[in-house]
1. Would you please name the residue that is farthest from Asp15 (Cα to Cα), looking only at residues in the stretch 79-98 that are at pLDDT 80 or above and basic (Lys, Arg)?
2. Please specify each residue of the stretch 35-51 satisfying the condition of being farther than 16 Å from Gly14 by Cβ, among the aliphatic types (A, V, I, L, M) and either within 12 Å of the ligand (Cβ to nearest atom) or surrounded by 12 or more Cβ atoms within 10 Å (Cβ to Cβ) (or both).
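The values are calculated or read from the model by the stated rules, or taken from the named source; none is laboratory data. Quick caveat, the model's predicted, so the values are computed rather than measured. FYI the Cβ positions are ideal-geometry reconstructions off the backbone, even for glycines, and counts take in every protein chain you see.
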Amino acid sequence: MGKELDKRQGIVDGDTCEEVKVFASDYIDNELPRNFKLRLKNHILECKKCRVFIRELKEVVRFSKGLYTPVPEGVRCRLRVLLKKEMQANPVIRRKRA
Ligand SMILES: [Zn+2]
């Protein structure tokens, strides 16, 4: 009986949610077959969860594309030294013995 209900609400089913997650980057890059893309698109229009997911992924893609510049080696070295110092200054909290 639960299954009947699931079928009727089939458009927001977990399987398509999974597909959206798996193919999200292809979807954004327009690299999916038309039919498949349409299917995902219809689902995304109906499914709030996937809509948010796609929107956030688009933001991330735009952000990372805009920001992608290799870090110069000198900076990386300094960062590593800083990190080491930071780690030495803040050793893992030792468990107090009662
Ligand atoms: Zn979904």
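1. Result: Lys85.
2. Leu45
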